[in-house]
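Contents: one structure, followed by commentary.
The values are calculated or read from the model by the stated rules, or taken from the named source; none is laboratory data. In this text the structure is predicted, and so the values were computed from the model without any measurement. Neighbour counts run over all protein chains shown; Cβ positions are idealised from the backbone, glycine included. Surface areas here come from the heavy atoms of the whole protein model, side chains and all, with no ligands, DNA or RNA. Shrake-Rupley method; radii C 1.70, N 1.55, O 1.52, S 1.80 Å.
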Amino acid sequence: MSTEPTPQRRRPPREEVRRALLDAAARVFARRGIDAASVDDVAADAGFTKGAVYSNFGSKDDLVAALVQDRVSAYLETGLAAVSDTGTTLAERARSLGDRLTEAGDEQRDWHLLFLELWQRSVRSGTTDGAFLERRRELHAAVTAAVAGHLDQATARGGARPALPPEEIATLLMALANGLALERHVDRTSVPDDLFGRVLALLMEPGSA
């Protein structure tokens, strides 16, 4: 009597496991808070053992740092994609950026809850978490460089530059993205879908909106 060999279960690629764990961490940390959630909670939500978390991230703190890096990178990629059409005017790109970041904010409720908790940790302790601050500074530098590039291009075409320097525009852009997203999570009707885009267009090209 012959027996059929037991099919071997496919072992998911390492990158697939990391992606699943990061997504699970975002959900679990948002529901329970970073301190209250355990590595076991994250692993179970992703469908793995806690060994998968440790083998991919080393520790819970490393997982939090990796999640921040992942979400900040995604935020930057979303923004750059929204302004990739350099054939449009600066105001049109600003509106596109605001509209896309508004959509992303609606889609990423878990990230905003995590962002608030990381911010609260920093404020309450009186010291800023190293990884969190470092990622924010990297994002600010990248946004500043992108803004400067678009302004230089617009100026070369005869457009007027905004009164504020690129680094201050980057600060306002990040603050508006976070603040308006949080307001929409509380009361979506108070923040029109196109508000962010209209404000950015006015900031970049006064009188355009």
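Quick look at the values:
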| read-out | value |
| --- | --- |
| Shape call, the range 82-155: gyration tensor on alpha carbons, a/c limit 1.5 | oblate |
| Inverse mean reciprocal Cα-Cα distance (Kirkwood Rh) of the range 74-209, Å | 15.6 Å |
| Check: the range 53-173 dipole with +1 on Lys, Arg Cβ and -1 on Asp, Glu Cβ, in debye | 260 debye |
| The range 144-209-the range 47-87 distance, computed between alpha-carbon centres (Å) | 25 Å |
| Nearest 10 degrees, 0 to 90: helix 195-204 Cα axis against the chain principal axis | 50 degrees |
| Cα convex hull of the range 42-111 - mean projected area over all directions, nm² | 5.7 nm² |
| Whole-number percent relative contact order across the chain, with pairs defined as alpha carbons under 8 Å at least 6 apart | 23 percent |
| Residue among 192, 160, 81 farthest towards the positive dipole end of the chain, charges placed on Cβ | 81 |
| Apportionment of accessible area to carbon and sulfur, the range 59-209, percent (1.4 Å) | 55 percent |
| Order by protection proxy (mean Cβ within 10 Å, highest first), peptides 196-204, 173-181, 30-38 | 196-204, 173-181, 30-38 |
| Per residue, in Å², the accessible surface of the chain once ligands and nucleic acids are set aside, probe 1.4 Å | 56 Å² |
| Under 12 Å, Cβ to Cβ, from residue 147 - net charge with Lys/Arg +1 and Asp/Glu -1 | -1 |
